[in-house]
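Here's the structure, in structure tokens; my notes come after.
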Amino acid sequence: MGLLHLLVLVCIGVSRGQRKGENIIDETEKAVEEPRKVIEEAVIENEKPNIIFIMVDDVGWADFDYNTPGPSAIPTPNIDSLAEQGIKLKTHYVHPTCTPSRAAFMTGRYSANTGLPFAMYPGSVAGLPPDMPTLPQLMRKAGYSAHMVGKWHLGHSQPKQGPIGRGFESHTGSYMWDLESYTKLMWDRPWTKPYGADWIKAHENGSYLHYPETRHSTIALTEEAVTVMEDHKKKTDNPLFMYLSYNAAHSPLQPEASWLEDC
């Protein structure tokens, strides 16, 4: 990015738990030194690191090679590389559905205390309590710029419930749950009619655009995240907090043809 520091945090959106008897200490101790050095340098220089938090949806514990004794069924070389260079939090658990995991992350509270203990369905009027501070709001008070790219799933019936209303300066992605990766149509079941398309680009100044994004959602979100980082570098000296929340690997399972060749 050409910025002072970049701290990348990767969260598994749904955990299946760790295998019995696995050593949960060794890997964390081995991997802790380099990230700690980066953070200490930032503190010494009295500068704040840029933070990119990446959340992946409905991915299990054993879906990454770095959590398995041998190669898993799903090659994950880039995530494995990040894990080897960072700190692995092997006693971290999350909720088994989309909304509560996101509610807990956005507020720092158990999801039951946010009123969102289960995945929100289309048509729901629920959302995060308006008097409950959110992570982007607190990051901005600390001097950060805050942007979101990806899936929200924490309230959509009113703009004040969405990412912009809850503290982000911009948001590109979806409000809801189960999207077709190319058309962005939102489904309840594959054999029923879709509810409609769910894709938006919105900004804090009130401008927004619902548009037909035809790229695979994983590709579209990745490229948008890069654009946000590049634009941020040009426009401000504030440190960046970006929440990158992928729709994948949530159903429907729709890989690009070239990805199948690699597998």
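Looking at Glu230, is it touching a His at 6+ places or on another chain (Cβ under 7 Å) and either within 28 Å of Gln137 (Cα to Cα) or not hydrophobic (A, V, I, L, M, F, W, C) (or both)? No; evaluated as a whole, the condition is false for this residue.
Taking each residue of the range 151-167 that is under 17 Å from Ser111 (Cα atoms) and in contact (Cβ under 8 Å) with a residue 24 or more places away in the chain and looking for partners that are among the polar types (S, T, N, Q) and outside any loop (DSSP other than H, G, I, E, B) with beta-carbon atoms closer than 6 Å, six or more apart or interchain, yields His153/Thr99; Gly155/Gln161.
Only one of the listed residues (Gly127, Gly143) is assigned to a loop (DSSP other than H, G, I, E, B) and touching a Gly at 6+ places or on another chain (Cβ under 9 Å). That residue is Gly127.
For the range 65-113, a tally of residues being outside any helix (DSSP H, G or I), of a type outside the set (A, V, I, L, M, F, W, C) and more than 30 Å from Tyr175 (Cβ to Cβ) returns 10. Just one of (1) modelled with pLDDT of 90 or more; (2) open to solvent by 30 Å² or more (accessible area, probe 1.4 Å) fails for Pro75. It is (1).
Strands (runs of 3 or more DSSP E) fully within the range 180-263 that include at least 2 residues being in contact (Cβ under 8 Å) with a residue 24 or more places away in the chain and under 20 Å from Pro159 (Cα atoms): 200-203, 240-245.
The values are calculated or read from the model by the stated rules, or taken from the named source; none is laboratory data. Only a predicted model underlies this, so the values are computations on that prediction, with no experimental measurement involved. So basically every Cβ, Gly included, is an ideal-geometry build from the backbone, and we count neighbours across all protein chains shown. Ligands, DNA and RNA are excluded from the accessible area calculation, which covers all protein heavy atoms including side chains. Shrake-Rupley method; radii C 1.70, N 1.55, O 1.52, S 1.80 Å.
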